[in-house]
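Everything below concerns the one structure shown next.
The values are calculated or read from the model by the stated rules, or taken from the named source; none is laboratory data. What you see is a predicted model; the values in this text were computed from it and never measured. Every residue, glycine as well, gets a Cβ built from its backbone with ideal geometry; the counts of neighbours run over all protein chains shown.
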């Protein structure tokens, strides 16, 4: 067992026992994942996509009681990680045209069969020897029809497990041969002809999957191929995968595909567009938990409760992650003051009743507290983000973003005070939270940036990046500027007591962005700095405008209120283009235009009253 109850491991490192004990079932939110259909599951890194897939594995279904035995499985699913080290390498881009598709599909097909053979090897004790022998014969037949050849052991005493181990070995050797072809291409000076095997989805995987589904122990159940992190595939192989989806072979094989928010294309090899719901269903986990706050909050609570139980910690999350009580008491006093002010206005002006009072408390209490803490120096570093609810809010719908800082906090307390740990002190929470937020934004630049509110002039453009070189470096720098512009403007609104909406965390883009701006926004979404939703336009029924939400993880860095609902502001592309070039100038102009709009509105209301 991991000593740290919040420890985060790669899903591939976890065994079925760990997943069965720790995974919180969210199928009530994603029921389509279990259905016999092709499904794309998208979401930011850390939202739990891989754990979601692995929870469908046969061993996990049995250990969690969703199936009594292998013979009672509702489907047979195999987890197929598509690692960047295997499919994101430059070698796969050295062959173009039809060759890249044909050889690439063969490579992907053999990778799938390698993982599938490994699953059958694990389940071999439950599979009849005659079924295993028949499968081997069919594997040899279809592999040879595709131009391949392999030597198999002919031991008459081989078990089903031995048979599937042999198939796995042959697949592994074939993968090495194909990768060697790609690797040696630059050494020859020209592209040598490929003379190896070429198998694919319809002529290799489908007939073999049909054979497995027909095993006596499985009795015709569908096969789920769970391809994890498909955004690591080059575009040519994404088109191959889309072509697999377009065959609609769900009566035998269903494809469950996960990707971060950067899947490159939904077109097939012959340039047809696969579409939902005809070819596949689609789930965006990030949007699901961003919009359904209570659902996500309850999920985190259940994850913590389950981990506490496994580590014999009998404490509620609120006690384990205490809030700053002094700050909470002051916040309650401000809330009482706001309620009293509302009652006073109500008696003087006939304002609306209790619902309006609650609204005022929700919208203005924390901003007033942060203005109070900021004071004349406008430095509110003393504001505390400690507390279980605050940690959930900061994680922005990304489960890993809750577990990672919690794990750091736990380790720090252990190193300072030893075990057992009964709570994470407020000071420890705040230190880790602020470091964790700053680390996130600093990944976009190798240069240490001054605190935003201490800047008098724009910094010199950085020529370095921790992420990339060339044109991508410029994108990272522009994204950093855009985030700084939004963060600084949201902070300005928070401290403006005259603003009607002081808690702002998103912008609605009211016109079509240029290609350059779109690239920056898409990069922000893909890396998790922004979340994308849509917003109904007031001027036209049915018109939806894109809304870009700043990740709440950045709240402590920009000194923002991360609690609950926050409003949005409308912007034009030219506004964000300015932010990309000069964050400080963007804030100055945006603040000036809002003051002008407010003054004009006040003047018009005054003239109307005089009339």
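Looking at 369, 475, 373, 486, can you tell me which residue is in contact with a strand residue (DSSP E or B) (Cβ under 9 Å, 6 or more places away or on another chain), modelled with pLDDT of 80 or more and more than 27 Å from residue 300 (Cα to Cα)?
None of the other options fit; the residue is 486.
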Answer residue from the stretch 72-100, given it is modelled with pLDDT under 90 and within 30 Å of residue 126 (Cβ to Cβ) and is surrounded by the most Cβ atoms within 10 Å (Cβ to Cβ) among those
86
What about residue 609, is it assigned by TED's automatic domain parsing to the domain that holds residue 501, over 30 Å from residue 402 (Cα atoms) and either crowded, with 20+ Cβ neighbours inside 10 Å or modelled with pLDDT under 80 (or both)?
yes
Given the conditions (1) surrounded by fewer than 16 Cβ atoms within 10 Å (Cβ to Cβ); (2) without any contact (Cβ under 8 Å) to a residue 60 or more places away in the chain; (3) assigned to a helix (DSSP H, G or I), every one holds for residue 68 apart from (3)
Let me spell it out: the conditions are (1) in a loop (DSSP other than H, G, I, E, B); (2) under 20 Å from residue 227 (Cα atoms); (3) in contact (Cβ under 8 Å) with a residue 40 or more places away in the chain, and residue 9 meets all of them except one. Which number is the exception?
(3)
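Results for (1) in a loop (DSSP other than H, G, I, E, B); (2) under 22 Å from the mean Cα position of the chain (by Cα); (3) crowded, with 21+ Cβ neighbours inside 10 Å, shown as yes or no for each residue.
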| site | (1), (2), (3) |
| --- | --- |
| 547 | no, yes, no |
| 562 | yes, yes, yes |
| 570 | no, no, no |
| 576 | no, no, yes |
| 579 | no, no, yes |
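Looking at residue 172, is it more than 22 Å from residue 80 (Cα to Cα), assigned by TED's automatic domain parsing to the domain that holds residue 213 and modelled with pLDDT of 95 or more?
In short, no.
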Among the residues of the stretch 190-197, are any closer than 28 Å to residue 71 by Cα, in the same structural domain as residue 240 (by TED's automatic domain parsing), crowded, with 16+ Cβ neighbours inside 10 Å and at pLDDT 95 or above?
no
Looking at this structure, is residue 129 free of Cβ contacts under 8 Å to residues at least 40 places away in the same chain and either surrounded by 15 or more Cβ atoms within 10 Å (Cβ to Cβ) or within 31 Å of the chain's Cα centre (by Cα) (or both)?
no
Can you tell me which of 241, 225, 202, 208 is in a strand (DSSP E or B), modelled with pLDDT of 90 or more and either touching a strand residue (DSSP E or B) at 6+ places or on another chain (Cβ under 8 Å) or within 30 Å of residue 130 (Cβ to Cβ) (or both)?
225
Take residue 360 and tell me if it is modelled with pLDDT of 90 or more and closer than 28 Å to residue 558 by Cβ.
no
Can you tell me which of (1) at pLDDT 90 or above; (2) closer than 30 Å to residue 337 by Cβ is the one residue 395 doesn't meet?
(2)
Return the only residue of 19, 2 being outside the structural domain of residue 279 (by TED's automatic domain parsing) and either modelled with pLDDT under 85 or more than 26 Å from residue 276 (Cα to Cα) (or both).
2
Looking at (1) in contact with a helix residue (DSSP H, G or I) (Cβ under 6 Å, 6 or more places away or on another chain); (2) modelled with pLDDT of 90 or more; (3) assigned to a loop (DSSP other than H, G, I, E, B), which one does residue 512 not meet, given that it meets all the others?
(1)
Among the residues of the stretch 147-176, the number that are surrounded by fewer than 16 Cβ atoms within 10 Å (Cβ to Cβ), in a loop (DSSP other than H, G, I, E, B) and on the phi < 0 side of the Ramachandran plot is 9
Condition broken by residue 318, with the remaining ones in (1) touching a helix residue (DSSP H, G or I) at 6+ places or on another chain (Cβ under 7 Å); (2) surrounded by 15 or more Cβ atoms within 10 Å (Cβ to Cβ); (3) in a helix (DSSP H, G or I) satisfied:
(2)
